[in-house]
Structures are given as structure tokens and as C-alpha cells.
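Peer 1: One structure, pasted below without further comment.
Throughout, read-outs are computed from the coordinates displayed, never taken from laboratory work. Small disclaimer: the values here were computed from a predicted structure and weren't measured. Note that each Cβ is placed from the backbone with ideal geometry, even for glycine, and that neighbours are counted across all protein chains shown.
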């Protein structure tokens, strides 16, 4: 396995999967066992609540923009390594969220291809097997699509995290010079919802992912 893919896997595991009921942590998002996870009783949500309106989130420093739900609750968190993470959470469902994580990378990572092709990242980072995942294989995990577009990698997949089968839509983008120096910033955008709610929220998540593009203010 390429060292850069291992590095990306490390960053990815630390960045994804928002878990409600506690502060955002890192690797344990993906390795909590089913036995230690209590069942989450989700509130019933009407169609009116899930018809989310969107507004533009524009980051001219990292040179990207994306639509975010206006009705979701916004917060900002600083991880232990001082990386910044932005969170939008659906007030009707604690497991439905959108996160944006910013991770500085070395200046020799000049493009996403430095981490491998989109298929390599999908197979070795998003849904890794064996020791890299650090847990037993998830029988319900499946990569639904992995594509490269708009200078970014787009992933659509599902995975059990932790004890809840969850649908993820993720975007990787590398923005050069966004650190103010020679290095780059890996922007990781992840939308997630329980698989049981995905049919209701799919149009909203489609709109969020499809809206990703360059900053309007850069």
C-alpha cells in the first residue's frame, strides 16, 4: 500500500462520522463494537421537517463553496490536534449531520492523485479491510459509487457506525496554498444519515453534494 494512502486513511478515520451524545472524537467512531452500543430511538420526522432549505457556505480561503441546510444547527469544534471541524446537525435526528474538516498536509501533496486514484482511496481508505480498519469487516458496508469530478473525489457508501447502519456522502478536495504558506489543506466534507432515513433525505443530500464547487468570493 502506498504510504500516502495510509496517511490519508489516518486523516479520514479521524475526520468522519459524527456521533451524537458526546464530543466528537477520532478513531473510536469506527471501532466501537455493536455490543457496547445501545440502540438509538430516533424521533419520528414529518416530510415537512425533512424538506430542508439550503443556503450557501462559501470559504474563499480554501476556495470552495457548498450549500448547507438552514434548519440544521451549526457548531464549530477544535479537535485535539487543533484541526478545525464545522458541524451542521439535524435537530430532528442526532445521527443526521454534515461535517467539514480542514487538515493541513505537506507541500509535496500537490493534488488528490498524490493520495492515489479515486478507486484506490475508495478501496483502501473509505472502506478499508482487516488491520487498517482496526475492526471486524462490516457485512453491511458497501461502496455505492466513487467518482472524480470538479477537482475532487466523491464517495457514496454505507457503513455501520457504531451499531447504526449509516449512509455517507463524502467529498475530498485538496486546496493548495490554503495554509498561507507552501502547504495545502485537505478539505473533507461528509454528510451522513441513518440508512433508514436516506430515502427521505436523499434529495437534500443530493443537492448538498451537487452544489460543491469553487468559492464564489475568491
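Peer 1: For the pair residue 117 and residue 215, how long in nm is the line joining their label points, each one 7 Å along Cα→Cβ?
Peer 2: 3.3 nm
Peer 1: Still on this model: Let's test the formula: R0 of 45 Å, r as the Cβ-Cβ distance of residue 200 and residue 150. What FRET efficiency results, to the nearest 0.05?
Peer 2: That pair, residue 200 with residue 150, gives E of 0.95.
Peer 1: Determine by what factor the alpha-carbon radius of gyration of segment 60-110 differs from 2.2 N^0.38 Å, reporting the quotient.
Peer 2: In units of the 2.2 N^0.38 Å rule of thumb, it is 1.36.
Peer 1: Quick check on the exposure proxy: order 140, 172 from fewest to most C-beta atoms within 10 angstrom.
Peer 2: Sorted ascending by nearby Cβ count, the order is 140, 172.
Peer 1: Taking neighbour Cβ counts within 10 Å as the exposure measure, how do 197, 169 sort from fewest upward?
Peer 2: 197, 169
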